[in-house]
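The values are calculated or read from the model by the stated rules, or taken from the named source; none is laboratory data. Nothing here was measured: the structure is a model prediction, and the numbers come from that model. FYI the Cβ positions are ideal-geometry reconstructions off the backbone, even for glycines, and counts take in every protein chain you see. When the accessible area is computed, the model is the full protein with side chains, heavy atoms only, and any ligands, DNA or RNA have been set aside. Shrake-Rupley method; radii C 1.70, N 1.55, O 1.52, S 1.80 Å.
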Amino acid sequence: MIRLPKSIDYEEVPLEKRYRAATRSLSARIGALYGRAVEEFGDDALDLIRSVSLEHARDLAKELCGDNPQHDAKSATLCLAHLLGLVGMEVEAMEISPQRARIRIRQCLYRITRPELCQARLALESEFIRTLNADLTFEIEQCAARGDEACVFRIALQHRRLRR
């Protein structure tokens, strides 16, 4: 909110538009910071990015999706899509069922171009999914940072075998 004298006309930018612009800008800045950190500190930076992502993912999963640790692939994917949507990413559901789901993101707001950095950053999404259900897996099928057209992620329910 901007407070101006009444004599000045100013059209307020809608909250949604301000939010989207801010999240896109912050995401690009985070991606650039990650890239610089990896240039300067190599694998140590990747380890730090993974570690912070893991911690942050657990908190996000509980805050956005509750304490139910038994989400199926469909509900976990919808929670993940909601999270990605909050930072302005457009998520396309290619397949979605209780057993498995595939989602596509055509434009990564982080603008990461190094596959190893993308993998470290995606520790957040992977741990987010595992927090929702330890029997769910998160796989990167396609990755724009590897040169693919888009990022495609697969979330699947893995049934544990009973020991005899």
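Ranked by solvent-accessible area (1.4 Å probe, protein heavy atoms only, all chains present), the residues 7, 126 order from largest to smallest as 7, 126.
Per-residue surface analysis assigns residue 82 an accessible area of about 100 Å², computed on protein heavy atoms at 1.4 Å probe radius. Estimated at 0.36 nm per residue, the fully extended path between residue 43 and residue 97 surpasses their Cα-Cα distance by 15.8 nm. The magnitude of the dipole of the range 13-94, with charges of +1 and -1 set on the Cβ of Lys/Arg and Asp/Glu and taken from the Cα centre, is near 460 debye. Reported to the nearest whole Å, the Cα centre-to-centre distance from the range 97-119 to the range 23-59 is 15. 3J(HN,Hα) along the range 34-43, derived from phi through the Karplus expression 6.51 cos²θ - 1.76 cosθ + 1.60 where θ = phi - 60°, amounts to 4, x, 5, 4, 5, 4, 7, 10, x, 4 Hz, with x in place of Gly and Pro. Simple rule: put +1 on each Lys or Arg Cβ and -1 on each Asp or Glu Cβ in the chain, find the dipole, and look at 46, 117, 73; the Cα lying farthest toward the positive end is 73.
Please arrange 10, 34, 110 by accessible surface area, largest first, computed with a 1.4 Å probe and ligands excluded.
The residues order as 10, 34, 110, largest area first.
Between 16, 39, 90, the Gaussian network model of the chain with springs among Cα atoms under 10 angstrom shows the greatest mean-square fluctuation at 16. For residue 136, the residues whose amide H sits under 5 Å from its own are 158, ignoring neighbours fewer than 5 places away on the same chain, with H placed 1.01 Å from N. Counted residue by residue at 0.36 nm each, then reduced by the alpha carbon distance between them, the extension gain from residue 86 to residue 36 reaches 15.5 nm. Once amide H atoms are placed 1.01 Å from N in the peptide plane, what residues at a sequence separation of 5 or more from residue 94, or on another chain, have their amide H within under 5 Å of its amide H? The list, which skips near neighbours in sequence, is 102, 103, 104. If you wrap the Cα atoms of the chain in a convex hull and average its projected area over all directions, you get 13.3 nm². For the range 135-150, backbone phi angles converted through the Karplus equation (6.51, -1.76, 1.60; θ = phi - 60°) give residue-by-residue couplings of 8, 9, 10, 10, 10, 8, 7, 9, 9, 4, 5, 8, x, 6, 4, 8 Hz, Gly and Pro being listed as x. Shown in residue order for the range 67-78 are the 3J(HN,Hα) couplings computed by the Karplus curve 6.51 cos²θ - 1.76 cosθ + 1.60 at θ = phi - 60°: 8, 6, x, 10, 5, 8, 4, 5, 5, 5, 5, 5 Hz (x for Gly and Pro).
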